[in-house]
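Trainee: Once you've had a glance at the structure underneath, I'll fire off some questions.
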Amino acid sequence: MNIVKIHLIITLLLGCCMSGLCQMTLPLNGEWRIIFDKKNEGKQKNWIDPEVFESHPSIEPITVPSAWELIEQDYEGVAIYKKKL
């Protein structure tokens, strides 16, 4: 699913929920997975694609909420998070 479709779905869902038509909430706390994009190449290499993300050798678990500093101390840059919903 490309980023435009994802954005459209999120926009529609948020519009629905904000209008009061939707009362479902989805907690985002819990276990996620993260890739630290130290070379800022994830966008170009399409790391948001599920198959590409899953095949990446540097996936690490992370608990949300938390700070990525617990995993990658002093990291300042881009990271890609993933969670199955």
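None of the figures in this text is laboratory data; all of them are computed from the coordinates on show. In this text the structure is predicted, and so the values were computed from the model without any measurement. For neighbour counting, all protein chains shown are included, and Cβ atoms are generated from backbone atoms with ideal geometry for every residue, glycine included.
Trainee: Which residue pairs have Cβ atoms under 9 Å apart, sit 6 or more places apart or on different chains, and have a first residue in region 25-52 that is on the phi > 0 side of the Ramachandran plot and a second that is in a strand (DSSP E or B)?
Mentor: Gly30/Thr63; Gly30/Val64; Asn40/Val78
Trainee: Now for a different question. Taking interchain pairs and intrachain pairs at least six residues apart, which have beta carbon atoms under 8 angstrom, with the first residue in region 63-85 and farther than 23 Å from Pro27 by Cβ and touching a residue at least 12 places away in the same chain (Cβ under 8 Å) and the second surrounded by fewer than 11 Cβ atoms within 10 Å (Cβ to Cβ) and not acidic (Asp, Glu)?
Mentor: Gly77/Asn40; Val78/Asn40
Trainee: May I pose another question? Which residues, counting only those in region 30-63, are surrounded by 15 or more Cβ atoms within 10 Å (Cβ to Cβ), in a strand (DSSP E or B) and touching a Gly at 6+ places or on another chain (Cβ under 9 Å)?
Mentor: Of everything in region 30-63, those that are surrounded by 15 or more Cβ atoms within 10 Å (Cβ to Cβ), in a strand (DSSP E or B) and touching a Gly at 6+ places or on another chain (Cβ under 9 Å) turn out to be Ile35, Phe36, Asp37.
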